[in-house]
1. Expressed as an acute angle from 0 to 90° and rounded to the nearest 10, what is the orientation of the C-alpha long axis of helix 13-23 relative to the principal long axis of the chain?
2. Please report the relative contact order for the stretch 11-91, taking Cα pairs under 8 Å with a sequence separation of at least 6, and give it as a percent rounded to a whole number.
3. Hey, got the dipole for the stretch 11-91? About the Cα centre, +1 on K and R Cβ, -1 on D and E Cβ, debye to the nearest 20?
4. Of Thr27, Thr37, Pro2, which is farthest on the positive side of the dipole of the chain, counting Cα position, with +1 on Lys and Arg Cβ, -1 on Asp and Glu Cβ, and the Cα centre as origin?
5. Can you tell me the length gained on complete extension of the stretch Arg15 to His112, counting 0.36 nm per residue apart and subtracting the Cα distance?
6. Convert each backbone phi in the stretch 76-87 into a coupling constant with the Karplus relation 6.51 cos²θ - 1.76 cosθ + 1.60 (shift: θ = phi - 60°), then list the ³J(HN,Hα) values in order as whole Hz, x for Gly and Pro.
7. Which whole-number percent of Cα pairs in the stretch 11-91 have a distance greater than 19 Å?
8. At 222 nm, what helix-only mean residue ellipticity would the chain give, in deg cm²/dmol to the nearest 500, using -39500 (n - 2.57) for each DSSP H run of four or more?
Amino acid sequence: MPPEHQFYSQWSPERFLRWAQEIGQQTAELISRVLNTRKHPEQAYRSCLGILGLAKRYSPERLEAACQRANAAGIRSYRGVHNILKNKLDQLIIDPTPTTPLPPHENIRGEHYYQ
């Protein structure tokens, strides 16, 4: 391996998962999903490093909240988690109730129309 890549040989998916677990369950889940999105886990190491490094820049608590929002939204990237933190979306309360359906209206055909 070239010298600039030898640094990566000391890392493993388990190491990232242990580090993420120290922050919280949602962070560990996100890191696991990031690692699983790549054919080779080594391709996800920089993303994982970036995501876990956000705990220093913001805080572990905020990163955990951002990872919870990212997991719910299907976000699997450093940029997505960073945007959540930068825009303070992690501090907003997630409303667990689904949106209400549209009220009945004569111009809405419904599923029976298309059968």
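1. That works out to roughly 70 degrees.
2. Values: 84 pairs, mean separation 24.2, N = 81.
It rounds to 30 percent for the stretch 11-91.
3. Values: 14 positive and 7 negative charges, 69 e Å.
It comes to approximately 340 debye.
4. Working it through, the farthest residue towards the positive pole turns out to be Pro2.
5. Details: separation 97, 0.36 × 97 = 34.92 nm, distance 5.30 nm.
Extending this stretch completely gives an extra 29.6 nm.
6. Once rounded to whole Hz, the list reads 10, 9, 4, 4, x, 5, 4, 5, 4, 5, 4, 8.
7. Values: 750 of 3240 pairs.
The share of Cα pairs beyond 19 Å in the stretch 11-91 comes to 23 percent.
8. Values: 6 runs with 63 residues, N = 115.
Rounded to the nearest 500, it is -16500 deg cm²/dmol.
Since every read-out is calculated from the coordinates, none of them should be taken as a lab result. Keep in mind that this is a model prediction, so the values were computed, not measured. Quick reminder, even Gly has a Cβ in these numbers, built from the backbone with ideal geometry, and neighbours come from all protein chains shown.
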